[in-house]
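To start, the structure itself, in structure tokens.
The values are calculated or read from the model by the stated rules, or taken from the named source; none is laboratory data. Not measured: the values here are computed from a predicted model. Here the Cβ positions follow ideal geometry from the backbone for every residue, glycine too, while neighbour counts run over all protein chains shown. For the accessible areas, the whole protein counts, side chains as well, though only heavy atoms, and no ligand, DNA or RNA atoms are used. Shrake-Rupley method; radii C 1.70, N 1.55, O 1.52, S 1.80 Å.
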Amino acid sequence: RHGFRSMMMTRESRINAAVAGFVFLTTLVVYAICVTPTVPYWDSGEYIATSYILGVPHPPGTPLYVLIGRLFTFLPFGSIAVRVNLLSGVSSALAVLFTYLITVRLVRKCFGNSGLLAYAGGITAAFFMAFAPTFWDNAIEAEVYASASAIMCFCVWLALLWWEKQDEVMNDRILWLVLYVLFLAIGIHLGTFLVFPC
């Protein structure tokens, strides 16, 4: 009986991983197709330039974003603007992925092992977020908000994981990881740290 339950959990986790992969790849492809091909107005141009030259953008500065943006400038396609703009697309797709995983986890926690309901709720929440106007604008141009959203969603997902594993001895390491990631994320946007009190 334990073996059957274990096999079912493995099957469910494989289905969940496949759906999560579908959500991530779908949004990533859409963002990559729709990425801004040039330098957009406002802060995006500044982030593209400072990522390329490893400069310092407007105060308070975004050193981690600039370093990650610099890595994206090494991609072997498109202009520098497209490459740095794509950083937001990848970050937004990750935020959408973790939104899906958070929703599935919360639906299962509230409604038990609900199977299709959890997946449908996760997909709906993820795609509503992915194609909402404000989120969309930040997903296709160089802005810090996409990366900040990805980190905040990741930390909420980690917090739910910690909540479920409270009885385990090494569980507090998850809280330390959340704290570490949020302190690193200050180098992207100060607002990411607002997630920690939750």
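A few remarks follow.
- Selection of region 115-155 for residues being touching a residue at least 24 places away in the same chain (Cβ under 8 Å) and among the acidic types (Asp, Glu) yields Glu141, Glu143.
- For region 118-146, the set of residues classified as in contact with a helix residue (DSSP H, G or I) (Cβ under 7 Å, 6 or more places away or on another chain) and either of a type in the set (Phe, Trp, Tyr) or loosely packed, with under 15 Cβ neighbours inside 10 Å (or both) consists of Tyr119, Phe135, Tyr145, listed by residue number.
- Filtered residues of region 166-194 (kept if closer than 15 Å to Val144 by Cβ and either modelled with pLDDT of 90 or more or open to solvent by less than 70 Å² (accessible area, probe 1.4 Å) (or both)): Leu182, Leu184, Ala185, Ile186, Gly187, Ile188, His189, Gly191, Thr192, Phe193
- Residue within region 3-12 that is within 23 Å of the chain's Cα centre (by Cα) and open to solvent by 30 Å² or more (accessible area, probe 1.4 Å) present: yes
- Evaluated against (1) open to solvent by 40 Å² or more (accessible area, probe 1.4 Å); (2) among the hydrophobic types (A, V, I, L, M, F, W, C); (3) touching a helix residue (DSSP H, G or I) at 6+ places or on another chain (Cβ under 6 Å), Leu106 falls short on exactly one condition, (3).
- Residue match in region 15-38 (condition: within 20 Å of Pro133 (Cα to Cα), part of a loop (DSSP other than H, G, I, E, B) and open to solvent by less than 40 Å² (accessible area, probe 1.4 Å)): yes
- Residue check, Val144 farther than 29 Å from Arg83 by Cβ, within 16 Å of the chain's Cα centre (by Cα) and among the β-branched types (Val, Ile, Thr): no
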